[in-house]
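Visitor: Have a look at this one before I ask anything.
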Amino acid sequence: MNLSVFCVVILRSRNRRLNFLQMLKKGSKLYSILTGTCPRCQNEQMYLNKNPYIIKETMKMHDYCGHCGLRYKIEPNFFFGAMYVSYGLAVMFGIFIFIVAMFLFKQSMTVSFIAIIVGLLLSMPAITRLSRNIYINLFVNYSKEAAKPL
């Protein structure tokens with residue numbers, strides 16, 4: 001491989017890293033999904049308690065954003081649709097656990113399935129929150145005007 005091809009490969013990998021880091025900045029859907037902030041202004045947490053593992057408060061949300069006024073429950077039973085997202089996330093996570101247990105740690109089928117069950121039980125509060133974050137971000141877009149200080 002000559003030097004010019006090597007330089008092009010390095011520059012492309014840096015650009016990909018920069019693009020990924022830009023997706024994590026405020027103003028992107030990924031930022032709102034991962035942080036659990038308001039999808040419109042991204043200035044306030046949607047949940048009463050930031051920790052999803054306090055089981056009694058996992059699903060408790062503010063009614064409105066204190067900064068931009070977005071109503072989180074857009075319509076009655078809005079987050080029922082997040083169950084489909086949760087199902088997809090749980091299946092993907094279960095497949096990941098199975099591959100790691102079966103092929104990386106060379107465990108038996110029984111141990112792999114026990115690992116899936118334990119992993120899903122331990123991650124279910126986080127998956128529930130993540131699925132709600134993904135679902136509301138499908139319907140609400142970031143707004144620079146809403147994000148401006150009051």
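Visitor: Got a sec? Which of Gly81, Gly66 is surrounded by fewer than 18 Cβ atoms within 10 Å (Cβ to Cβ), small (Gly, Ala, Ser) and either more than 20 Å from Ala146 (Cα to Cα) or touching a Pro at 6+ places or on another chain (Cβ under 7 Å) (or both)?
Guide: Gly81
Visitor: Now, a different point. Would you pick out the residues in segment 30-78 that are closer than 23 Å to Leu120 by Cβ, in contact (Cβ under 8 Å) with a residue 40 or more places away in the chain and assigned to a loop (DSSP other than H, G, I, E, B)?
Guide: Gly36, Pro52, Tyr53, Thr58, Met59
Visitor: Would a scan of segment 107-129 turn up a residue that is in contact with a Phe, Trp or Tyr (Cβ under 6 Å, 6 or more places away or on another chain), part of a helix (DSSP H, G or I), of a type outside the set (Ser, Thr, Tyr) and under 22 Å from Lys50 (Cβ atoms)?
Guide: Looking through segment 107-129, at least one residue is in contact with a Phe, Trp or Tyr (Cβ under 6 Å, 6 or more places away or on another chain), part of a helix (DSSP H, G or I), of a type outside the set (Ser, Thr, Tyr) and under 22 Å from Lys50 (Cβ atoms).
Visitor: Further question on the same structure: On the basis of being in a helix (DSSP H, G or I) and touching a Gly at 6+ places or on another chain (Cβ under 8 Å), does Gly81 make the cut?
Guide: Against the criterion (in a helix (DSSP H, G or I) and touching a Gly at 6+ places or on another chain (Cβ under 8 Å)), Gly81 does not qualify.
Visitor: Give segment 92-150 a look and list any residue that's surrounded by 12 or more Cβ atoms within 10 Å (Cβ to Cβ) and among the polar types (S, T, N, Q), or say none.
Guide: Gln107, Ser112, Ser123, Thr128, Ser131, Asn133, Asn137, Ser143
Visitor: Residue by residue through segment 50-59, note down the ones that are under 18 Å from Tyr31 (Cα atoms) and surrounded by fewer than 17 Cβ atoms within 10 Å (Cβ to Cβ).
Guide: Lys50, Asn51
Visitor: Something else now. Applying the selection to segment 65-105, what residues are of a type in the set (Lys, Arg) and modelled with pLDDT under 95?
Guide: Lys73
The values are calculated or read from the model by the stated rules, or taken from the named source; none is laboratory data. From a predicted model like this one, the values you see are computed outputs, not experimental measurements. Heads up, the Cβs are rebuilt from the backbone with ideal geometry, glycines too, and the neighbour counts pull from every protein chain shown.
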